[in-house]
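The structure appears below as structure tokens.
The values are calculated or read from the model by the stated rules, or taken from the named source; none is laboratory data. Because the structure is a prediction, the values reported are computed rather than measured. Reconstructed Cβ throughout: ideal geometry from the backbone, glycine too, with neighbour counts over all protein chains shown.
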């Protein structure tokens, strides 16, 4: 039976259908709730935990939580976007089922829950949908927000809808917020203080995992040399990426990660003469535009498999790769390898009003990191790093000067990277807290049941 939310969704879906059609997303049948039936659990003592992560960033944040849950639970990862699904399959495909999260129509949610049959649900960062949360409550399935984040922009929108959405927030069994500011916003939306705690961000744990991987591969000394390109050999696929693109190992390389509209040109113009730049746009639909903003760049998608600096492969202009200093990572799944190659990393989406991308991934690889002034998505993380002199925050007009300064002063880069490592180690632990929260909810439900 259709409810008021279903009716609103139908109107919205009709209005937005031209935009959805242009995006060409896959998995629509699954998004209507037709997930593969998982059946009964193999072990009644191991609860089934459903983790929902929208896209690549949220999925990556689960990289440290899933291994902590698997010894004690069955884990199912649900994603929304195509890129998130691809990332989840790469990280967890051999460990647990990967499914598409349903659209929030009541009938889609019912089909989905009938197929997956979770004992507890963890929603990564937010994704609080009314029909889904209500259906879980009706089935006695506790729902928690983990790694909880409610940005100022989202909070302003949710506040206007509180008369409609307040009941949904009150139905949440637990919220583990990343910091006090987010916790206060969840409380303002109706989450009771007894169900609310500050658990920190799992991104610190992911960064710590990257650090530990470097140590495991090359020993503690690898951390001190990773601020330059010395750590590239420790990350699988990094050296091959450099060779296939034709990156000159004798010249500095800046990697700009998850860039947005206009940032490729901004960062390219800020690069000093003789410095190489590799840009990795966040959205695949922007690859062609980004290439246009970086004239004569080598595109990864067009050069895959053509190894060697100065190989005979030509660009459309006829210029060999040996004579370029601009590169475009227009493929998915290789940003970590690109960061490993960097002498210096610039964080995308921070020089436009999009709230920045994750600065901890390159910091965890031992890199000196520059971020622009717009970092609302990672406010607490950047503020912590900045307080420890572990990141450089600059305005667009200061970017060239800061790049030149850091490339001249490698000891400053090394100090920044060392400070970042200390900060990462200090703040790790959210994954353990979230694992205990989710498994504790199952135990509480069984006791009450």
Within the stretch 293-328, which residues are surrounded by fewer than 16 Cβ atoms within 10 Å (Cβ to Cβ), modelled with pLDDT of 90 or more, assigned to a loop (DSSP other than H, G, I, E, B) and at negative phi?
295
Can you name the residue in the stretch 31-50 that is crowded, with 18+ Cβ neighbours inside 10 Å and either under 11 Å from residue 116 (Cβ atoms) or modelled with pLDDT under 90 (or both) and, of all such residues, is nearest to the chain's Cα centre (by Cα)?
50
As an exercise: evaluate residue 101 against (1) under 22 Å from residue 438 (Cα atoms); (2) surrounded by fewer than 21 Cβ atoms within 10 Å (Cβ to Cβ); (3) at pLDDT 95 or above and give the number of the one condition it does not meet.
(2)
Scan the stretch 402-449 residue by residue and report those that are in a helix (DSSP H, G or I), within 25 Å of residue 173 (Cβ to Cβ) and over 23 Å from the mean Cα position of the chain (by Cα).
439, 440, 441, 442, 443, 444, 445, 446, 447, 448
Please give the number of the condition residue 440 fails out of (1) assigned by TED's automatic domain parsing to the domain that holds residue 55; (2) surrounded by fewer than 21 Cβ atoms within 10 Å (Cβ to Cβ); (3) in contact (Cβ under 8 Å) with a residue 24 or more places away in the chain.
(3)
Number of positions in the stretch 343-355 that are at pLDDT below 95 and crowded, with 24+ Cβ neighbours inside 10 Å:
0
Just checking, does the stretch 157-168 include any residue being closer than 22 Å to residue 441 by Cα and surrounded by 21 or more Cβ atoms within 10 Å (Cβ to Cβ)?
yes
Can you tell me which residue is farthest from residue 87 (Cα to Cα) among those in the stretch 39-75 that are in contact (Cβ under 8 Å) with a residue 40 or more places away in the chain and assigned to a strand (DSSP E or B)?
48
Looking at 290, 338, which is the one that is assigned by TED's automatic domain parsing to the domain that holds residue 368, within 19 Å of the chain's Cα centre (by Cα), in a helix (DSSP H, G or I) and modelled with pLDDT of 95 or more?
338
